[in-house]
Amino acid sequence: MAEACTQGIDTGFVALGYGKVAFLGVVQGITELLPISSTAHMRVVPALLGWQDPGSAFSAAMQMAALAAVVSYFWTDMRDIVLGSTRALVRRDFADWHFRFAVWIVLATLPIAIFGLALSLINEEKRKPILRFTDSLSEVMFKFTGLVMYMAPLGVGGAIAAAIGTEGFGVFSG
């Protein structure tokens, strides 16, 4: 029965067990709000630790959990923006900060929405090369992120050495 319910769904994460899944959840939570790819960490961390790839279903679930966490954390701000921009729209106060901020969010979202819509309207045969390209680009970016993470300790060490070289060891005493 279980096989019938999960047919066609990537359930690779089940083999990881609760501990590894919880660890990946913590990694996702830590990296979600940093200017680095939290999605890449869902691939890079298991690969570095020799674990099975948790798969796309797990990644999607982690993204939804992260979205729920961000929405709950920023709920007050989001409510203020929605209500403030609605009130500004009713007053026709287009210079209102809330209204302008909401417009910028919508404008920033439009390019990817238009691209996704246009891609969905293309014949599947013509869409495949674009999807293969984006998949390849993602792989290149994952490799690049891995290299940056590999080299980061050298950069930190260089920054510490430069600080000591210019300020002396007193830089550590405050």
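Scan the stretch 22-29 and tell me whether some residue there is of a type in the set (Val, Ile, Thr) and at pLDDT 80 or above. Walk me through it before giving the result.
Looking only at the stretch 22-29, we keep the residues that are of a type in the set (Val, Ile, Thr), and these are 26-27.
Okay, now just the ones that are also at pLDDT 80 or above, so 26-27.
Within the stretch 22-29, one or more residues are of a type in the set (Val, Ile, Thr) and at pLDDT 80 or above.
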Odd one out for residue 122, checked against (1) at pLDDT below 85; (2) more than 24 Å from residue 45 (Cα to Cα); (3) hydrophobic (A, V, I, L, M, F, W, C): (1)
Residue count for the stretch 68-92, restricted to those that are over 30 Å from residue 33 (Cα atoms) and surrounded by 14 or more Cβ atoms within 10 Å (Cβ to Cβ): 1
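Can you tell me which residue among 55, 25, 29 is on the phi > 0 side of the Ramachandran plot, touching a residue at least 12 places away in the same chain (Cβ under 8 Å) and surrounded by 13 or more Cβ atoms within 10 Å (Cβ to Cβ)? Full working, then the answer.
Details: 25 fails: on the phi > 0 side of the Ramachandran plot; 29 fails: on the phi > 0 side of the Ramachandran plot.
One residue alone meets the criteria, 55.
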From the options 95, 113, residue that is surrounded by 10 or more Cβ atoms within 10 Å (Cβ to Cβ), among the small types (Gly, Ala, Ser) and without any contact (Cβ under 8 Å) to a residue 24 or more places away in the chain: 113
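The values are calculated or read from the model by the stated rules, or taken from the named source; none is laboratory data. Computed from a predicted structure; not experimentally measured. Methodologically, a virtual Cβ is constructed for each residue, glycine included, from the backbone with ideal geometry; neighbour enumeration extends over all protein chains shown.
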